[in-house]
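This report refers to the structure that appears directly beneath it.
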Amino acid sequence: MEEIIPIVSELAWKYTGCDHSSVTYEKAQMLLEAVVYCINEDGRQEGNALAAKNIPARKAYEHGREIVKEKLQTLQKLYNELIQNFRDYGCVCLKDTVRKGIPAFLERYDFKYAPQETLLTLDYPILRNYGGLSGVSLVLCYMQDICQEQKFLQRMDDQYVVKILRKYHRDYECLLENVCGMILQNMMGHMMLDKPLQETGFSQEELESLEEILSDKTVEQIKSYLLKSLERLTEAYYDNDKEMSAYLACGLPDIAVRIRHNTENHRLGQLFLL
């Protein structure tokens with residue numbers, strides 16, 4: 001803290017236009033959090049040689065601030081690439097988050113004086129949990145996973161995706177649910193039955209066969225079964241894309257719980273829709 005306070009004072013001086021370093025308690029707290037955020041970014045950087053040493057706080061702060069700046073630039077580039085072929089499939093929450101929320105963040109984000117602020121609520125739920133991330137680190141991870149979702153969904157016909165979503169819920173457009181997870185759940189039914197994806201629709205016999213396969217399995221066993229099915233899916237249809245597979249795997253625990261529950265109640269037809 002003895003090393004950090006002078007950095008905060010210098011930041012406050014610049015914040016006030018190099019006029020004085022006197023700021024309100026709230027602003028001082030904001031600037032302190034900004035310095036700590038950048039230092040943490042330096043320590044979080046994978047493979048960072050500086051993080052392995054007991055370096056001065058100022059050097060860690062300056063290096064961390066450069067990392068924040070680079071992440072902001074990466075986010076802008078990623079967004080510019082994504083938006084060209086972005087599909088929301090009628091989901092209002094997804095559309096508003098990507099088309100309105102992310103540009104607002106890019107416009108308002110202050111990497112110098114408030115890099116810790118996320119600014120957005122990121123209402124569209126995705127499959128991965130980000131722990132204690134905030135600011136540009138959180139938004140960048142969020143956008144990277146949105147890109148993985150788009151990569152997954154855009155290999156399919158738009159009407160196929162919409163048809164599954166409509167079967168899932170008549171008014172799916174207003175749901176605060178993950179689009180990718182709903183489609184993945186349906187595809188897992190195909191993979192577990194070795195049913196080609198182009199053969200749409202599940203017969204009663206197929207559902208009964210799947211129920212027989214799953215009836216004696218625990219949630220953990222079903223999750224393991226789903227993971228193997230996901231590996232076969234990405235190998236067969238997505239050129240064995242490891243990054244996409246790792247993201248999709250984050251949705252499997254919830255799918256496994258739903259499968260266990262619906263198997264017990266003989267209602268797999270409510271999960272595997274098309």
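Here are a few things to note about the model shown:
- Only helices enter the 222 nm calculation for the chain: every DSSP H run of n ≥ 4 contributes -39,500 (n - 2.57), and dividing by all residues gives -19500 deg cm²/dmol, rounded to 500.
- The chain - percent of accessible surface contributed by carbon and sulfur, probe 1.4 Å: 48
- Computed from Cα positions, the angle between helix 57-83 and the longest principal axis of the chain comes to roughly 40 degrees.
- Stokes-Einstein diffusion coefficient of region 50-105, Kirkwood radius over Cα pairs, 4 °C, 1.567 mPa s, in µm²/s: 94
- Computed label-point distance, nm, for sites residue 108 and residue 155 using a 7 Å Cα→Cβ extension: 3.7
- Where the Cα pairs of region 3-159 fall when distances are cut into 10 Å bins, in %: 10, 34, 30, 18, 7, 1, 0
- Furthest towards positive pole of dipole, 85, 180, 245, structure part the chain, Cβ charges: 85
- Test item: Cα-centred dipole of region 205-274, Lys/Arg +1 and Asp/Glu -1 on Cβ, debye: 240
- Cα gyration tensor category, rounded, prolate or oblate, for the chain with a/c compared to 1.5: prolate
- Loop GluC sites (Glu not before Pro), region 218-258 (other Cβ atoms within 10 Å of the site Cβ: 16 or fewer; DSSP): none
- Seen from every direction in turn and averaged, the convex hull around the alpha carbons of region 85-169 projects onto 6.1 nm².
- Accessible area per residue for the chain is 53 Å², calculated with a 1.4 Å probe on protein heavy atoms, without ligands, DNA or RNA.
- Seen against the Cα atoms of the chain and their longest principal axis, helix 135-153 is set at about 20 degrees.
- From the largest down, region 229-274 spans 36, 20, 12 angstrom on the principal axes of its Cα atoms.
- Its Cα centre serving as origin, the chain has a Cβ charge dipole (Lys and Arg +1, Asp and Glu -1) of approximately 380 debye.
- Cross-link table 27/59; 151/195; 69/228; 71/223; 112/242; 95/242, entries beyond 31 Å C-alpha to C-alpha: 69/228; 71/223; 112/242
The values are calculated or read from the model by the stated rules, or taken from the named source; none is laboratory data. For clarity, every value in this text was computed on a predicted model and none was experimentally measured. Methodologically, a virtual Cβ is constructed for each residue, glycine included, from the backbone with ideal geometry; neighbour enumeration extends over all protein chains shown. Accessible surface areas use protein heavy atoms only, side chains included; no ligands, DNA or RNA. Shrake-Rupley method; radii C 1.70, N 1.55, O 1.52, S 1.80 Å.
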